[in-house]
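Trainee: Handing you a structure now.
The values are calculated or read from the model by the stated rules, or taken from the named source; none is laboratory data. None of the values given here were measured: they were computed from a predicted structure. Note that we place each Cβ from the backbone using ideal geometry, even for glycine, and neighbour counts take in every protein chain shown.
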Amino acid sequence: MAKIQALEGVEPVTMIDAPARLDYTFTAGRATSRFLKGLEKKKLLGERSAATGKVYIPPRGADPVAGVPTDEQVEVADCGTVTSFCVVNVKFYGQAMECPYVCALVLLDGADVAMFGLIQEMPYEDVHPGLRVEAVWVDDNELSTTLENIKYFRPTGQEDAPLETYKEHV
Amino acid sequence: MRDVAVVSFAQSEHARALPGVNEVEMLMPVIGQVRDQIGLDKSRVGFTCSGSTDYLAGQAFSFVMTLDGIGAWPPISESHVEMDAAWALYEAWVKLQMGEIDVAMVYGYSKTSPGDLPDVLTRQLDPYCYAPLWPDSVSLAALQAQALLDTGSTSEREWAEIASRSRASAKNNPNAQLKGDFDPDVILADEYLVAPLRKHDCPPITDGAAAIILAADDTARELSKRPAWIRGLEHRIDAQSLGVRDLVNVKSLQLAGSAAGVSTGKIDFAELHAPFTYQEVLAKRALGLGADVQINPSGGALAANPMMAAGLVRIGEAADRIMAGEGDRAVATATQGACMQQNLVCVLEGE
């Protein structure tokens, strides 16, 4: 290959820095928008599928089993049952919580899919499937259209839910 | 080779922005229609393949979420291409040729309205030499257009006539976004957007979705009175670097067209995915289409250009006309990448 004279003795480029940034206006969609607007009023709005009868929360507008729209809004309770959980012991960049802490899947009463949440106000080693928990909301003046309205879930003190009530979700 | 045909096609309304709906909500009615209009139960679909890209909606794994709208339970055999869904159709066609399935569903979609499309498209370029310069898609097209103009073989006037004809044809297309009567002399008086391109030389920015059902042999004959048989299906790619390509002779499209057998019989009409007016000139030359071939009766990508679906829409529009008996042999194309880098050619026939 012929040498380019003007480049002789010039330090070769071995690395470049090419920053990229793109801005988007996100559209949550009809069903998720209804859900987010409900949260502002401390309501948890799932959507029922006519095809399977299942109530999905948070809803994305579709019944993923049947592939058909969901359009019946159903309010579900802000308490439910822990189906599965994870004790987080690993630190990572941007972590908001102090280790160890517990992330759990909570099957809200009236819903057919479990929702993600933190479990607090109890020793992490005592968290277990079947545990009954309730949502702890932010103060009313802080409510907005976000799932962060639920700070975490805490134990209700009720007896554990029987396995039959959540075994499909384990 | 098995005989494989398009037996059903559906598309959404195409618009600059479909407000309020997410991608699943936009796609779901199209999936429902493409199955329901031929009475196809989803359990008969042996393979599903989609084309989309997360960059457009700005959402990671958006194509996985979109599966919510398909009904992927019991578990389905499924794949995805980060390409226009015309290439998803190619993958499904290969699966059908393998003989293990008889029916496949293909879909493509995009919501481009959440981001700035010309900027987003810079991310598909070579990440070292091109992408850091952020050359937007219209400016790159303008370079190719100028190179073509410099050959003296076309004119801005010819391009204005292409825009005018496309939008007039789109008047018969209920899903088209840009349609109506536009006098070439009037639109030619507009200022340049990026010289030598004016606004009418560029595709609209579109939210939209489309889906196709493919079927093989007797299954195709069962599902459609007059299936649109795929008699040729090929795709080729040119080099990524614009500097090493002959921008005014789209080699990949020539090769794909020749391999697909475009010239082995009379073509009644063509659905060419040519998002910019001048690209229609390039596509016609690459495929050797004469003046007797009707181009883009649907209005083409100049009337609606949903990214990741507009190529599939060309195949679907051509297939619909074949199935309706409005022609016996058609060619449809899809293009992808800056300045027509990658091209797919599909030859469809009735019987």
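Trainee: Kindly indicate which of B:Leu89, B:Leu96, B:Leu67 is within 14 Å of chain A (Cβ to nearest Cβ) and either touching a residue at least 12 places away in the same chain (Cβ under 8 Å) or not in a strand (DSSP E or B) (or both). Steps first, please.
Mentor: Details: B:Leu89 fails: within 14 Å of chain A (Cβ to nearest Cβ); B:Leu96 fails: within 14 Å of chain A (Cβ to nearest Cβ).
Going through B:Leu89, B:Leu96, B:Leu67 in turn, just one is within 14 Å of chain A (Cβ to nearest Cβ) and either touching a residue at least 12 places away in the same chain (Cβ under 8 Å) or not in a strand (DSSP E or B) (or both): B:Leu67.
Trainee: What about B:Ala239, is it buried (at least 21 other Cβ atoms within 10 Å of the Cβ), outside the structural domain of B:Phe63 (by TED's automatic domain parsing) and more than 30 Å from B:Leu67 (Cα to Cα)? Let's see the steps before the verdict.
Mentor: On the way: buried (at least 21 other Cβ atoms within 10 Å of the Cβ): no; outside the structural domain of B:Phe63 (by TED's automatic domain parsing): yes; more than 30 Å from B:Leu67 (Cα to Cα): yes.
The answer is no for B:Ala239.
Trainee: Continuing with the same structure: With the requirement that a residue be assigned to a loop (DSSP other than H, G, I, E, B), under 16 Å from B:Trp93 (Cα atoms) and of a type in the set (Gly, Ala, Ser), what does segment B:1-60 give you? Spell out how you get there, then give the answer.
Mentor: Of segment B:1-60, the ones assigned to a loop (DSSP other than H, G, I, E, B) are B:1-3, B:12-14, B:16-22, B:37-41, B:45-46, B:52-53, B:58-60.
Those left that are additionally under 16 Å from B:Trp93 (Cα atoms): B:1-3, B:45-46.
Scanning segment B:1-60 gives a single hit, B:Gly46.
Trainee: With the condition kept exactly as written, say whether any residue in segment A:92-110 is within 30 Å of B:Pro29 (Cβ to Cβ) and either among the aromatic types (Phe, Trp, Tyr) or assigned to a loop (DSSP other than H, G, I, E, B) (or both).
Mentor: Among the residues of segment A:92-110, at least one is within 30 Å of B:Pro29 (Cβ to Cβ) and either among the aromatic types (Phe, Trp, Tyr) or assigned to a loop (DSSP other than H, G, I, E, B) (or both), which makes the answer yes.
Trainee: In addition: What number of residues in segment B:141-196 are closer than 20 Å to B:Asn305 by Cβ, aliphatic (A, V, I, L, M) and either in the same structural domain as B:Ser241 (by TED's automatic domain parsing) or not in a helix (DSSP H, G or I) (or both)?
Mentor: 4
Trainee: Just to be sure before I move on: is A:Pro19 under 23 Å from B:Trp73 (Cα atoms) and either within 14 Å of another protein chain (Cβ to nearest Cβ) or buried (at least 17 other Cβ atoms within 10 Å of the Cβ) (or both) in the structure I sent?
Mentor: Here the answer is no, as A:Pro19 does not meet what is asked.
Trainee: Could you please find all residues in segment A:25-61 being buried (at least 17 other Cβ atoms within 10 Å of the Cβ), among the aromatic types (Phe, Trp, Tyr) and within 11 Å of chain B (Cβ to nearest Cβ)?
Mentor: Of everything in segment A:25-61, just one residue is buried (at least 17 other Cβ atoms within 10 Å of the Cβ), among the aromatic types (Phe, Trp, Tyr) and within 11 Å of chain B (Cβ to nearest Cβ), namely A:Tyr56.
Trainee: Filter segment B:126-175 for residues that are of a type in the set (Asp, Glu) and within 14 Å of chain A (Cβ to nearest Cβ); which is nearest to B:Gln240 (Cα to Cα)? Even if it seems obvious, please write down each step before you answer.
Mentor: Quick first cut of segment B:126-175, residues of a type in the set (Asp, Glu) only: B:126, B:136, B:150, B:156, B:158, B:161.
From what is left, the residues that are within 14 Å of chain A (Cβ to nearest Cβ) are B:126, B:136.
On the way: B:Asp126: 7, B:Asp136: 15 Å.
The qualifying residue nearest to B:Gln240 (Cα to Cα) is B:Asp126.
Trainee: Among the listed residues A:Val76, A:Val90, A:Val65, identify the single one that is of a type in the set (Val, Ile, Thr) and exposed (fewer than 12 other Cβ atoms within 10 Å of the Cβ).
Mentor: Values: A:Val76 fails: exposed (fewer than 12 other Cβ atoms within 10 Å of the Cβ); A:Val65 fails: exposed (fewer than 12 other Cβ atoms within 10 Å of the Cβ).
Being of a type in the set (Val, Ile, Thr) and exposed (fewer than 12 other Cβ atoms within 10 Å of the Cβ) holds for just one of A:Val76, A:Val90, A:Val65, which is A:Val90.
Trainee: Same structure again: Looking only at segment B:23-33, how many residues end up being more than 8 Å from chain A (Cβ to nearest Cβ) and either among the basic types (Lys, Arg) or closer than 13 Å to B:Gly71 by Cβ (or both)?
Mentor: Here the count works out to 1.
Trainee: What are the residues in segment A:32-65 that are in a loop (DSSP other than H, G, I, E, B) and touching a residue at least 60 places away in the same chain (Cβ under 8 Å), if any? Steps first, answer last, please.
Mentor: From segment A:32-65, those in a loop (DSSP other than H, G, I, E, B) are A:40-43, A:49-54, A:57-61, A:64-65; that's our starting set.
Across segment A:32-65, the qualifying residues are A:Glu40, A:Lys41, A:Lys42, A:Pro58.
Trainee: With respect to the numbered conditions (1) of a type in the set (D, E, K, R); (2) surrounded by 20 or more Cβ atoms within 10 Å (Cβ to Cβ); (3) within 14 Å of chain A (Cβ to nearest Cβ), which one is the sole condition not fulfilled by B:Asp84?
Mentor: Among (1) of a type in the set (D, E, K, R); (2) surrounded by 20 or more Cβ atoms within 10 Å (Cβ to Cβ); (3) within 14 Å of chain A (Cβ to nearest Cβ), B:Asp84 violates only (3).
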